[in-house]
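Structure first, then comments.
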Amino acid sequence: MNHPLFGTTAIAGVGVRQYKRGGSPLPERSVLVEAILDACAEANFPPADIDGFVSYGDDKNEPVRLMPELGTKELRWSAQVWGGGGGGIAGAFGVAASAILTGQAKAVIIFRALVEGASGRLSAAVMAHHLNDHLLAAGIVSPAQNCAIRANRLFGRYGLNPRIVEDLVRASYHHGSRNPDAVSYGQPFDVEKLRTSRWIAEPFRLFDCSRENDGAGALLMVSADHARDLARPPVYLLGCAQGAEAGWGDLLENDADDLYATGGFRPIARRLYAETGLAPGDIDVVQLYENFDAQGVMSLIDHGFCDYDNAAEVIRFDNLIADGGKLPVNTAGGNLAQGFIHGIGLPIEAVRQLRGESSNPVAGARTCLLAGGPGAPTVSSAIFANRV
């Protein structure tokens, strides 16, 4: 491929610190600094040489405030992807790569930090960002309610059985139960636990929803040539796309019959595949941002892994797990079962999976698709690979 992003930058190191919500032993910025230092230590890269930072989701940690702890020599680049949800998580890698490829930075940290004692409940922040007066006046006061309406539209308009989400949840907990870093490690999961858990916003019960945790994650991105000289096997960015479907907007919630029965990825996925020369069948493993499980189903459909007619044949437990499935999804447990620091664990698992370090390895995996924020106004997707 001749696309400027194809294999020209790479992730050289990752770091994550995760704690139970309300259980962080350090302030938010300190937790983030520890995660950044971990990412640099993996790569044997001097933290002082970091010269760029990118985040998403209204992260409150302004890069200039990280400089003293890291000993930063010079800050040359900082940016944040618009949007209060997780839609910008993959787009952040495209922003970082653009800075490196244009010579505006040499070593960029992509990060997200969330310690609720400092930042407050994420659900409240998302509500303030996305739910305008039009929705609040109708009684929509939480992200769960907003996404529940869209989930019901998915099931009603396209005739999908609402229980299709159960296999996605089961696969997440299957992976999480075998991941020592997951909140669900060692815990068996019975689907009846999902079916009988308390209602949040119909059709969502408690285990249909992502968890919230304190913590921070960081990934070090450099040029592909630089990455090959560092300590760990590089994981290359092959492509990235971000944006929104035409007409997407909170005030238009009822104006289109099918718009909000999707995850908003349809044009983004088309561009990503066109820019990389890949297709759904070329993807070996998927790390899927699922704020709610029905939105995960929408994302898989939007990215072409199935359609509305055959979704039930594809989104099956045995097809979604790392040990033998054709479409392994969220191999660390994802937002549902690994833990939720606004999704930053997903690209970290993409890197670990492609380096052969996952707790749930996918044999021979070369490519991994990362999808961020189904249902958010702005969404993004990226494809990573362990060779180009």
### Task
Give the percent of DSSP beta bridges with both residues in the chain that are antiparallel, rounded to the nearest 5.
75
### Message
Counting only pairs 8 or more residues apart or on different chains, how many lysine pairs in the chain have their Cα atoms under 26 Å apart?
### Response
5
#### Entry: Of all accessible heavy-atom area on the chain, the percent that carbon and sulfur account for (1.4 Å)
50
### Message
Please list, by residue number, every one of the GluC sites (Glu not before Pro) in segment 3-98 that is coil in DSSP and has at most 15 other beta-carbon atoms within 10 Å.
### Response
GLU74
### Query
For the Cα atoms of the chain, what angle does the longest principal axis make with the long axis of helix 345-354, in degrees from 0 to 90, nearest 10?
70
### Summary
For LEU32, LEU101, LEU278, the accessible-area ranking with a 1.4 Å probe, largest leading, is LEU101, LEU278, LEU32
### Message
Output the 0 to 90 degree angle, nearest 10, between the alpha-carbon long axis of helix 143-158 and the longest principal axis computed from the alpha carbons of the chain.
### Response
60
#### Entry: Per residue accessible area of the chain, 1.4 Å probe, in Å²
37
### Query
In degrees, nearest 10, range 0 to 90: what is the angle between the Cα axis of helix 266-276 and the longest Cα principal axis of the chain?
40
### Task
Please list the radius of gyration and Dmax for segment 1-143, considering alpha-carbon atoms only, with Å as the unit.
16.8, 53
### Query
Given a Förster distance of 22 angstrom, what is the FRET efficiency for ASP318 paired with ARG366, based on the Cβ-Cβ distance and rounded to 0.05?
0.50
### Task
Can you tell me the order of 189-201, 45-57, 327-339 when each peptide is scored by its average per-residue count of other Cβ atoms within 10 angstrom, highest first?
327-339, 45-57, 189-201
### Summary
Taking only the Cα positions of the chain, the convex hull volume per residue in Å³ is 124
### Message
Quick check: net charge around ILE89, other residues with Cβ under 14 Å of its Cβ, Lys/Arg +1 and Asp/Glu -1?
### Response
-3
### Query
Using a 1.4 angstrom probe and counting only protein chains, how large is the accessible area of LEU5 in Å², to 10?
20
### Query
Counting pairs of alpha carbon atoms under 8 Å apart in space and at least six apart in sequence, what relative contact order in percent does the chain give?
26
### Global size of segment 269-371 as Cα Rg and Dmax, reported in angstrom
12.8, 35
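The values are calculated or read from the model by the stated rules, or taken from the named source; none is laboratory data. Only a predicted model underlies this, so the values are computations on that prediction, with no experimental measurement involved. Cβ sites come from the backbone with ideal geometry, for glycine too, and all protein chains shown count toward neighbours. Protein only, heavy atoms only, side chains kept; ligands, DNA and RNA dropped before computing areas. Shrake-Rupley method; radii C 1.70, N 1.55, O 1.52, S 1.80 Å.
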